[in-house]
1. Restricting attention to segment 1-66, which chymotrypsin sites (Phe, Trp or Tyr not before Pro) occupy a DSSP loop and are surrounded by at most 11 other Cβ atoms within 10 Å?
2. Counting only heavy atoms of protein chains, what accessible area per residue, in Å², does the chain have with a probe of 1.4 Å?
3. Report ³J(HN,Hα) in whole Hz for each residue of segment 90-97, in order, from the Karplus equation J = 6.51 cos²θ - 1.76 cosθ + 1.60 where θ = phi - 60°; Gly and Pro get x.
4. Could you give the angle, 0 to 90 degrees to the nearest 10, between helix 106-115's Cα long axis and the longest principal axis of the Cα atoms of the chain?
5. Once you have the Cα-Cα distance between residue 121 and residue 41, take 0.36 nm times their residue separation minus that, and quote the gain in nm to one decimal.
6. Please find the FRET efficiency linking residue 112 to residue 13, where r is the Cβ-Cβ separation and R0 is fixed at 22 Å, and quote it to the nearest 0.05.
7. Quick one: helix 3-17 against the long Cα principal axis of the chain, what's the angle to the nearest 10°, folded into 0 to 90?
8. Are there trypsin sites (Lys or Arg not before Pro) in segment 1-65 that DSSP puts in a loop and that have at most 13 other Cβ atoms within 10 Å, and which ones?
Amino acid sequence: RGLQDAVAEALASTADGIWDGRRDAEVEETLYVEVLALSYVMGPTTAILETLRRWGAAKPAVVRAAADAVVDLARRSTSGRPRLEAADAILAEIAAPIAALTSAGCGAELLRSSQAHSADEDL
């Protein structure tokens, strides 16, 4: 078992453990950390899109955690700094997450997932 499997299993356990349609600040914080960790292991597009596609429509806590992870990745990105020579696709995504997430359709997926919870004013 690799790190990727361990982090993915932790995320799945946390996401499956929260009731559909419910929000919980502590669970959202845990989900956020797990999505962020998975982003650094698998790459942001894979981690965030798969998370939203699997749980986004049913679990607003997952949508919030994914959105927070996108914001954090954007803040930590290397944009405006000297360009990193990425050895592989995951490093390239981490170095420039907004470009990678945008080209993968993350914005549309985040919007669809958020719209599934239109009654939640915090999303």
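The values are calculated or read from the model by the stated rules, or taken from the named source; none is laboratory data. Just so we're clear, the structure is a prediction, and the values are computed from it rather than from any experiment. Cβ sites come from the backbone with ideal geometry, for glycine too, and all protein chains shown count toward neighbours. Accessible surface areas use protein heavy atoms only, side chains included; no ligands, DNA or RNA. Shrake-Rupley method; radii C 1.70, N 1.55, O 1.52, S 1.80 Å.
1. For chymotrypsin sites (Phe, Trp or Tyr not before Pro) across segment 1-66 that sit outside H, G, I, E and B with at most 11 neighbouring Cβ atoms in 10 Å, the list reads 19.
2. Using a 1.4 Å probe on heavy atoms only, each residue of the chain averages 56 Å².
3. 5, 5, 5, 5, 5, 5, 9, x
4. It works out to around 10 degrees.
5. 25.6 nm
6. 0.35
7. 20 degrees
8. Answer in residue order: 1, 22.
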